[in-house]
Structures are given as C-alpha cells and as structure tokens.
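Visitor: Just dropping this structure here.
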Amino acid sequence: MKKSHSIIIRSVLLTAIAMPALAADQGYYFGAKFGETGVKDIPSVPDLLDDADLDFNITITDEKISSDDKDSAYSFFIGRRFNPNFAVEVAYIDLGEASTSYAFDAINHDAGDAEVSGAVNISTESKGFSLVALGAFPVTDAFSIYGKLGGYYGQTDGTLSASDLTEPLSGSEDKKGASLIGGLGLEYAFRNGWSIRGEYERYFDVKSPLLETDIDVISLGLVYTFPL
C-alpha cells in the first residue's frame with residue numbers, strides 16, 4: 001500500500017512539474033532582449049567621399065582611419081506561439097550606433113599650399129520594426145533550438161562632420177528602408193511561463209544615407225508566455 005502511495009505521489013509531482021513547461025509551448029508571449037551589435041565592413045571615409053563625388057583641392061600627406069563598429073542593442077517583442085514548432089513575432093529594435101573617423105595631414109592648394117590638419121567623422125544609428133517567423137525544434141520539454149526569418153523596416157540616421165577641408169562639411173540625414181533578417185537561437189522554458197533565450201541575428205543590407213551594410217546582433221532575452 002505504501003508502495004502504491006509512493007508511485008501515485010511521484011506521478012502527481014512529475015505531472016505538476018511537466019505540465020507548465022508543456023503549456024508554454026502554445027499561447028501569446030512578450031519579452032525583451034539586450035545585446036551587442038557589430039556592423040560589418042564599414043567603408044573608410046575616403047571611399048565614402050569618393051562615392052559622394054566630393055572633390056577637395058588638397059593632397060593628403062598622412063592619414064589615420066579608425067572605426068567603432070560595436071554598440072549596445074535592445075528589443076521589445078510580442079508573439080504568438082501556435083505549437084511547439086512554429087511562432088510569429090513582431091518587435092521594436094534599436095540596433096545602436098556605428099561610427100568611422102578619418103584624421104589627416106594635407107596640403108591645401110586653395111590656401112597657397114598651406115599645411116593643414118583635419119578630420120572627418122561619420123556616424124549612423126538605426127532603429128525600426130521587424131516581423132519574423134520562428135521554426136523551433138524541441139530537444140526536451142523545456143529546451144529548444146530555433147531559427148528565424150523575416151523582414152526589418154527601419155530608419156537610419158546618418159551624421160557627417162568635417163574640419164579643415166577646402167569646403168567645411170556638416171549635416172545629418174535619415175533614410176528608411178527594408179532589410180532581410182535571419183537568425184538562430186536557443187530557448188529554455190521554466191515551469192512558470194518564463195523562458196530565456198540566447199540569440200544570434202543578422203540584418204542584411206541595412207540602408208543609411210551614407211552606406212549599406214550588414215549588422216550582426218548577439219543578445220540574451222527574457223520571455224513570458226500566456227498559455228492557451
């Protein structure tokens with residue numbers, strides 16, 4: 001009799017532990033994630049000036065190029081999980097800022113071949129919205145691997161400032177456009193509706209007034225699911 005009671009108690013406990021994790025496989029959810037962006041292949045300032053057909057009557061004698069292609073990123077999202085293998089998700093995303101700087105020594109031919117030193121600084125910042133589909137492969141009741149594919153539509157602000165050129169430059173401009181998103185992630189579900197995600201994403205050909213480039217995002221997120 002004690003053995004039977006022990007079996008029943010263990011069965012009830014196992015059921016209580018397993019059911020919440022299984023329930024989180026379906027329902028509406030919301031969450032937030034935070035991480036780091038990395039901008040791929042930032043062009044140098046001389047290349048950007050050449051692309052813009054800006055011709056200055058100077059001869060460069062020395063130069064130094066530096067880039068800061070990493071920044072913090074964050075996102076807030078809501079989604080609908082239809083079954084353990086498929087979900088649709090809408091998100092707001094801030095992809096952070098990237099910048100590149102070009103310091104130089106030059107001879108200014110419009111100023112009697114005077115020696116000058118100057119700098120050009122360019123920065124871009126992108127934020128917008130995404131719509132993606134998630135395909136998941138459950139490894140256990142709580143742990144799954146997933147991939148995501150969808151689109152991003154955002155606005156990228158570009159700022160350029162320059163000093164000691166024959167024509168001083170300063171200004172900002174924004175550009176809107178759509179991009180493709182792809183990503184891979186891991187998700188672990190707890191027993192109370194909460195889960196954590198580790199995720200890698202790539203935003204392809206994000207457009208700005210000054211350049212078009214890919215942006216990588218590595219993030220850690222927290223999700224809460226309302227079971228159906």
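Visitor: Find all pairs meeting these conditions: Cβ atoms under 9 angstrom apart; at least six residues apart or on different chains; first residue within segment 63-79 and more than 22 Å from Thr213 (Cα to Cα); second residue acidic (Asp, Glu).
Guide: Glu63/Asp105; Phe77/Glu89; Ile78/Glu89; Gly79/Glu89
Visitor: Right, here's the next one. Those residues that are at pLDDT 95 or above and over 17 Å from Tyr224 (Cβ atoms), I need them from segment 178-197; list them, please.
Guide: Correct list: Leu180, Ile181, Gly182, Gly183, Leu184, Leu186.
Visitor: Would you mention how many residues in segment 179-228 are within 19 Å of Val88 (Cβ to Cβ), within 14 Å of the chain's Cα centre (by Cα) and without any contact (Cβ under 8 Å) to a residue 60 or more places away in the chain?
Guide: Of the residues in segment 179-228, 8 are within 19 Å of Val88 (Cβ to Cβ), within 14 Å of the chain's Cα centre (by Cα) and without any contact (Cβ under 8 Å) to a residue 60 or more places away in the chain.
Visitor: Out of the residues in segment 129-141 meeting the condition of being surrounded by fewer than 19 Cβ atoms within 10 Å (Cβ to Cβ) and not polar (S, T, N, Q), tell me which one is farthest from the chain's Cα centre (by Cα).
Guide: First, pick out the residues of segment 129-141 that are surrounded by fewer than 19 Cβ atoms within 10 Å (Cβ to Cβ): 129, 131, 133, 135, 137-141.
Add one more test, that the residue is not polar (S, T, N, Q), and what stays is 129, 131, 133, 135, 137-139, 141.
Numbers: Phe129: 11, Leu131: 14, Ala133: 17, Gly135: 19, Phe137: 23, Pro138: 25, Val139: 26, Asp141: 29 Å.
Result: Asp141.
Visitor: Sticking with this structure for a sec: Just to be sure before I move on: is Gly150 surrounded by 15 or more Cβ atoms within 10 Å (Cβ to Cβ), at pLDDT below 80 and either among the small types (Gly, Ala, Ser) or touching a Pro at 6+ places or on another chain (Cβ under 9 Å) (or both) in the structure I sent?
Guide: Values: surrounded by 15 or more Cβ atoms within 10 Å (Cβ to Cβ): yes; at pLDDT below 80: no; either among the small types (Gly, Ala, Ser) or touching a Pro at 6+ places or on another chain (Cβ under 9 Å) (or both): yes.
No: the conditions fail for Gly150.
The values are calculated or read from the model by the stated rules, or taken from the named source; none is laboratory data. None of these values were measured; they are calculated from a predicted model. Cβ atoms come from the backbone with ideal geometry, glycine included; neighbour counts cover every protein chain shown.
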